[in-house]
Amino acid sequence: MSTTQTPTEPAPAPSVQRLARQRSLWERTNKATVVMAGVTLVVFVFFAVADSAFLTFANLSNLATQVGPVLIVGVAMTFVITAGQIDLSVGSIVAFVAAISAQLLVAGWDSSLVMVAALLMGLGWGLVNGWFTAYQGIPAFIVTLATLSVVRGLALFQTEGFSVPIASTTFVAKLGTAKWLGFSVTAWIALAVVVVGLVLLHATRFGQYVIGIGAAAESVRRAGVNVKLVTMAALGFSGLAAGLAGLLIAARLGSGSANSAQGFELTVIAAVVLGGTSLLGGRGTIVGTLIGALLTQIIANGLTLLSVSPYLTPIITGTVLVLVVWINLRGRDLAWFVQRLTRRS
Amino acid sequence: MAEDLPVDQRGDLLVELAGITKSYGPVKSLRGVDLTLRRGEVLGLVGDNGAGKSTLMKVLAGAVQHDDGEIRVHGKPVRFSTPADAQAEKIGIVYQDLALCDTLDVASNLFLGREPKRGPFIDRKAMHEQAARILADLHVKVTSTHQEIGTLSGGQRQTVAIARAVSFAPDVLILDEPTAALAVAEVESVLRLIGEVAAQGVGVILITHRLQDLFRVCDRITVMYEGQSVDDAAIADLDIEKLVGLITRTPQPTRTQPTRTEGSRA
Ligand SMILES: Nc1ncnc2c1ncn2[C@@H]1O[C@H](COP(=O)(O)OP(=O)(O)OP(=O)(O)O)[C@@H](O)[C@H]1O
Ligand SMILES: [Mg+2]
């Protein structure tokens, strides 16, 4: 059983190679994600046909900007949900960071300092969530429900509910209107966050432990991993992402409001679950979150173009969320069924 | 304890537990357990359901923190506050409930907590190759290292958990009912494996309710009863009936007839 020392051993025997052989691409892909990719394509084609303004570069660029914040926070939320947790406070953190960053700019802080402060504020709230969840054992659902209320409350208290304008001469404001290759800074940053998320979830120990914790936290703990730290880091990550999103939203709108991003957490959670990440934990997909975020925003964007009442959007988002959760929880059996079918063939 | 022993034996001692206690609220799971394990020795740990065997082994593996008592490994007093501490002392364990992650694949479970890395990233190729080698060496019957643990049979999961513990090359190997879900051939190969690792100097603690297995591989038996270690006997001094008596604490009717062939086949 000389099993651990391997580097100098001769070429592996055929049986070893067979054991380690990679499975086919189809076997590896999350079936729920494939279904959602199809749905997204159908919805995309529907709006392209229904409204000629949809398939223009200007609108697609606009769509990318709209997807940005949802995607940035969605990627981080994918880690949180995969670890078997939830973060309901991201909308409030977005509003808090947007409002306070605007206030700091008004107070004369330099843009570079404000940008750092925005990220730190987001991270700070995320770590508060993470500490209570991981180290005090309070369910994340309860903790983040409380911070959802407290964080937005603090922002409202601080700004007295007024929207705080950002001077167009500041770097932050310029960042909000800047474009590169026709796409906004928000869109490019979102893309970068997706890449980071992909690498982090699928190629690092952190991602591996997040998945493991969602499946069986005690098993991961017994393997010698600091489960509390990993859990806190996941929630810290979603706070950080919300801080980044808050800064970008304030920059784009040219103002920070404590009333912004109402219901944002629902959109984000819908996007993540839509993409195939399991609400039960243990299974996460960043590509799925990308697709989910696109789908939710394509629907919102398309409905606006078709001049459907804006008041319908939250109703549709909520309905889609319930439908998706239903499919997601049933999807376990569906996935199992598809696996059976493909294995038999 | 160690002070009483001749010097040559002291070097042999891998693990000494003395007066270990552990309570879960009002439940006193362990009320003072003594146990020793030597290099190359196979120790059987037996006792009724709920006697505290698994709790004691979790203490020794760092998964549970005891209240009182002393743990010595290689004669040195240690205190394990995390499972990683116990791993650092080369203590490997197969938990009764296996402690695997259903949604991770076989290789990821084998290497959980010690994934081979290339720079900051997990080296998946190396991980799967090493995993395949470990599984092939131990004749574990799975079809692919990419298969999710949750899709394996109970016995396959158990053999993966055993492969995981053995692949750490531990000095102390704890097996908490490792054969409960195994078919005949797999039980045989686990028993053979125990003999092999012990021959290499590993100390093995085997918990099982299959008493006949104890007589095949163990050198010594420690008996626990209601959270205490109550007996410690060389296997040569026992037979199945005596052992049953020790476990159930019913005084054996003293019918050690000389006609009966005394049990030890060790
Ligand atoms: N986490 C816990 N919380 C409360 N009580 C516990 C806990 N873990 C174990 N116990 C109690 O400690 C006692 C010993 O349990 P343990 O699992 O160590 O027994 P065992 O000897 O391994 O039994 P078995 O042969 O059934 O595996 C039992 O009464 C059990 O109920
Ligand atoms: Mg037990």
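No lab work stands behind these numbers, since they all come straight from the coordinates. Nothing here was measured: the structure is a model prediction, and the numbers come from that model.
Before moving on, here are some points about what is shown:
- The alpha-carbon of B:LYS117 sits under 20 angstrom from the alpha-carbons of these lysines, leaving out residues fewer than 8 places away in its chain: B:LYS125.
- Highest-MSF residue in chain A out of A:SER184, A:SER238, A:SER101 [GNM, Cα springs under 10 Å]: A:SER184
- Rounded to the nearest 5, the antiparallel percentage of DSSP beta bridges internal to the protein assembly as shown is 60%.
- The 3J(HN,Hα) values that the Karplus relation (6.51, -1.76, 1.60; θ = phi - 60°) gives for the stretch A:302-312 are, in residue order, x, 5, 5, 4, 6, 6, 6, 3, x, 6, 6 Hz. Gly and Pro appear as x.
- Violating pairs (Cα-Cα greater than 22 angstrom) within the set B:LYS58/B:LYS242; B:LYS53/B:LYS90; B:LYS53/B:LYS242; A:LYS228/B:LYS58: B:LYS58/B:LYS242
- Taking A:LEU312, A:LEU105, A:LEU280 as the candidate residues, the one with maximal mean-square fluctuation in a Gaussian network model of chain A, Cα springs under 10 Å, is A:LEU312.
- By DSSP, the beta bridges lying fully in chain B are antiparallel in about 60 percent of cases.
- From the largest down, the stretch A:257-296 spans 35, 21, 11 angstrom on the principal axes of its Cα atoms.
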